[in-house]
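Report on the structure given below.
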Amino acid sequence: MQDHRINRQIRAKEVRLIDENGKQIGIVPLEEALKLAEEKGLDLVEIAPQAKPPVCKILDYGKFVYEQKKKEKVAKKKQREHAIEVKDIQLSTRIDEHDLKVKLKHMREFLEEGDKVRIRIRFRGREHIHPELGDRLVQRILEELSDIGKIESEPKKEGAFLMFSLLPISKK
């Protein structure tokens, strides 16, 4: 999976040469460019093969590949930092006070990290007859997290679940 041609893999007769310091030497025959690179103990790397003549640079190819991978890694990391994750929390209408506090603590942490939280309240058996239990739980969650999160989608019943989402409030 090699991206660049190096040394004897280069097929052009003439190349535009750049030395290891980034200084342009000019258009030289390939053999002369290879000789210069060999004298300096470095590689001749084809940087822009589509150019006429191709642009080649004298550099340490191993170090060059390492730097490229490092840049890609940093770019991916930055991209991940800006992505918003959706965290799921599932509750029951008969959740105990302490368990609810633990879930609220987790929701608060997720919102502080900038993640979106999707909350699913499960109804079982005869709990379906009492939707006000779910509504009370929704109100309690919204009151507890009103300082850090805002509701994205209104609570809606889907099958055995009452679902809604919270977004973090951006502090500017």
Amide H neighbours of Ser92 at under 5 Å, excluding residues fewer than 5 places away on the same chain, with H built from the backbone geometry, are Arg122
Long-range amide H partners of Ile25 with built H, under 5 Å: Leu17, Ile18, Asp19
What span do the alpha-carbon atoms of segment 80-172 cover on each of the three principal axes, reported in whole Å from largest to smallest? 44, 26, 19
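Can you give the local net charge around Arg120? Use residues other than it whose beta-carbon is closer than 12 angstrom to its beta-carbon, Lys and Arg +1, Asp and Glu -1. All intermediate terms of the calculation are to be shown ahead of the outcome.
Values: positive: Lys87, Lys103, Arg118, Arg122, Lys156, Lys157; negative: Asp88, Glu158.
Within the 12 Å Cβ shell, the charges total +4.
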In whole Hz and in residue order, list the ³J(HN,Hα) couplings for segment 73-83 that follow from phi through the Karplus curve 6.51 cos²θ - 1.76 cosθ + 1.60, θ = phi - 60°; x for Gly and Pro. 4, 5, 5, 5, 5, 5, 5, 5, 4, 8, 7
Measure out, as a whole number of angstrom, how far apart the alpha-carbon centroids of segment 125-172 and segment 18-53 sit. 64 Å
Mind checking the per residue accessible area of the chain for me, 1.4 Å probe, whole number of Å²? 70 Å²
Provide the per-residue ³J(HN,Hα) series for segment 86-95, in order, calculated from phi with Karplus coefficients 6.51, -1.76, 1.60 and θ = phi - 60°, each as a whole number of Hz, with x at glycine and proline positions. 10, 9, 9, 10, 10, 10, 10, 5, 9, 5
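When only DSSP loop residues count, what GluC sites (Glu not before Pro) in segment 65-172 have their Cβ near at most 15 other Cβ atoms within 10 Å? Before the final figure, lay out each step's value.
Working: sites: Glu67, Glu72, Glu81, Glu85, Glu97, Glu109, Glu112, Glu113, Glu127, Glu132, Glu143, Glu144, Glu152, Glu158; in loops: Glu85, Glu113.
Passing both the DSSP loop test and the Cβ count: Glu85, Glu113.
When the dipole is taken about the Cα centre of the chain, and only Lys, Arg (+1) and Asp, Glu (-1) are charged at their Cβ, what size is it in debye, to the nearest 20? Numbers along the way, then the final one.
Numbers: 38 positive and 32 negative charges, 51 e Å.
Using only the charged Cβ atoms, the result is roughly 240 debye.
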For Ile169, enumerate residues with amide H under 5 Å from its amide H, sequence gap 5+ or separate chain, H modeled in the peptide plane. Gly149, Lys150
Output the Kirkwood hydrodynamic radius of segment 103-153, Cα pairs only, in Å rounded to one decimal. 12.0 Å
Residue by residue through segment 116-121, which ³J(HN,Hα) values in whole Hz follow from phi under the Karplus form 6.51 cos²θ - 1.76 cosθ + 1.60 (θ = phi - 60°), with glycine and proline marked x? 8, 10, 9, 10, 10, 9
Leaving out ligands, DNA and RNA, and with a 1.4 Å probe, what % of the accessible surface on the chain is carbon or sulfur? 50 percent
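By how many nm would the segment from Arg11 to Glu132 grow when fully extended, if each residue of separation counts as 0.36 nm and the alpha-carbon distance is taken off? The partial results should precede the final answer.
Working: separation 121, 0.36 × 121 = 43.56 nm, distance 7.63 nm.
Roughly 35.9 nm would be gained on extension.
In deg cm²/dmol, rounded to 500, what helix-only [θ] at 222 nm does the chain give when every DSSP H run of at least 4 residues adds -39500 (n - 2.57) and the total is split over its residues? Spell out each step's value before the answer.
Working: 4 runs with 62 residues, N = 172.
Here the helix-only value at 222 nm equals -12000 deg cm²/dmol.
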Can you give the % of DSSP beta bridges in the chain that are antiparallel, to the nearest 5? 70 percent
What fraction of the Cα pairs in the chain, stated in percent, has a spacing above 27 angstrom? 54 percent
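The values are calculated or read from the model by the stated rules, or taken from the named source; none is laboratory data. Source: prediction; values computed, not measured. Ideal geometry is used to build each Cβ from the backbone, glycine not excepted, and the neighbour counts take in all protein chains shown. Side chains are part of the model used for accessible areas, which takes the heavy atoms of the whole protein and leaves out ligands, DNA and RNA. Shrake-Rupley method; radii C 1.70, N 1.55, O 1.52, S 1.80 Å.
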